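The values are calculated or read from the model by the stated rules, or taken from the named source; none is laboratory data. Note that the coordinates shown come from a computational prediction; the quantities given were computed from them, not determined experimentally. Backbone-built Cβ (ideal geometry, glycine too); neighbour counts: all protein chains shown. Accessible surface areas use protein heavy atoms only, side chains included; no ligands, DNA or RNA. Shrake-Rupley method; radii C 1.70, N 1.55, O 1.52, S 1.80 Å.
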Amino acid sequence: MDARPPLSLPRTVALVGLMGAGKSAIGKRLALRLGLPFVDADDEIERAAGCSIAEIFEKYGEADFRAGERRVISRLLDEPPHVLSTGGGAYIDPDTRDLMRTKAVTVWLRAELDVLYDRVRKRAHRPLLRNGDPKEVLARLMSQRYPIYAEADVIVDSTAQPADRTTDQVIEALRAHLQPEKTPA
Ligand code: S3P
């Protein structure tokens, strides 16, 4: 039994990381555990645009997608605290990253290539993974993006272990970040 008081979040928790890192799976569990709403930024972008992310990329290109993503995330970060899953490129965009830095607690779900690939390979809806061999695309994105995700407030490894276990680790890491004086070393 954990006798400590429940973790209370002063700000939205924004999950960042590559496609397949588990942002939605862990985010939903985290929201339940913290008693907060769960919001998926990609779903909100699709709702606002009235079409799928693949269609936005196809019709308008990535730059327009990023602008829409920035607007939607900016709006969501003005809402009361919640758990927010963001698309893999959101934190890479400098303006969106600044917004998240000021208005959210950011958690990078860091995963190895094989874990990411195993999770994304069964699904074909991600436009960036259609540009070539998905494993090579992921490897390239890892080398470009990992140094930037590393600026997140909290970093937790997302492995092949059950999602509930990773969620426990996110909660512990958030506790250490938000209440360091109350967390035993
Ligand atoms: C993207 C990741 C996707 C989605 C879009 C672009 C990226 O979200 O936002 O296809 O740039 O990494 P997920 O990380 O939820 O798959």
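Considered as an equivalent ellipsoid built on the Cα gyration tensor, the chain has semi-axes of 27, 19, 14 Å, the largest given first. Which of PRO147, VAL120, LEU109 sits farthest toward the positive end of the charge dipole of the stretch 12-175, with +1 on the Cβ of Lys and Arg and -1 on the Cβ of Asp and Glu? Sorting the options by dipole projection puts first VAL120.
What full-extension length gain, to one decimal in nm, is calculated for ARG33 and ALA173 as 0.36 nm per residue of separation minus the Cα-Cα distance?
Here the answer is 49.0 nm.
At a 1.4 Å probe, what is the % contribution of carbon and sulfur to the accessible area of the stretch 12-175? Reported share for carbon and sulfur atoms: 49 percent. In plain terms, the chain from ASP95 to GLU62 could stretch by 10.4 nm, reckoned as 0.36 nm per residue minus the Cα-Cα distance.
About the centre of its Cα atoms, the stretch 12-175 shows a dipole size close to 220 debye [charges on the beta carbon of Lys, Arg (+1) and Asp, Glu (-1) only; nearest 20 debye].
The lysine pair tally for the chain, using Cα distances under 24 Å and a gap of 8 or more places or different chains, is 7. Between the beta carbons of SER143 and GLU112, assuming R0 = 22 Å, the FRET efficiency works out to 0.95 to the nearest 0.05.
The residues of the chain have, on average, 51 Å² of accessible surface per residue, using a 1.4 Å probe with all protein chains present.
Rounded to the nearest Hz, the phi-derived 3J(HN,Hα) couplings of the stretch 111-125 under the Karplus curve 6.51 cos²θ - 1.76 cosθ + 1.60 (θ = phi - 60°) are 9, 7, 4, 5, 5, 4, 4, 4, 7, 8, 5, 7, 10, 10, 7, where x marks glycine and proline. Between GLY61, GLY17, GLY88, the Gaussian network model of the chain with springs among Cα atoms under 10 angstrom shows the greatest mean-square fluctuation at GLY61.
Note on the stretch 12-175: dipole from Cβ charges, positive end direction compared against GLN169, MET100, MET19; the farthest Cα belongs to GLN169.
Set the Förster radius R0 to 22 Å, insert the Cβ-Cβ distance between ALA54 and ALA160 as r into 1/(1 + (r/R0)^6), and round the FRET efficiency to 0.05. Working shown, then result.
Numbers: r = 27 Å, r/R0 = 1.24.
Plugging the Cβ-Cβ distance into 1/(1 + (r/R0)^6) gives 0.20.
The angle separating the long axis of helix 134-149 from the principal Cα axis of greatest extent in the chain is about 50 degrees. Relative to one another, the C-alpha centroids of the stretch 88-136 and the stretch 2-52 are positioned 14 Å apart. What FRET efficiency comes out for the pair ASP43/GLU181, r = Cβ-Cβ distance, R0 = 35 Å, nearest 0.05? Efficiency computed from Cβ-Cβ geometry: 0.40. Within the shell of other residues whose beta carbon sits under 13 angstrom from the beta carbon of VAL137, the net charge comes to +4, with Lys and Arg scored +1 and Asp and Glu -1. Residues LYS59, LYS23, ordered by accessible area of protein heavy atoms at a 1.4 angstrom probe radius and largest first, appear as LYS59, LYS23.
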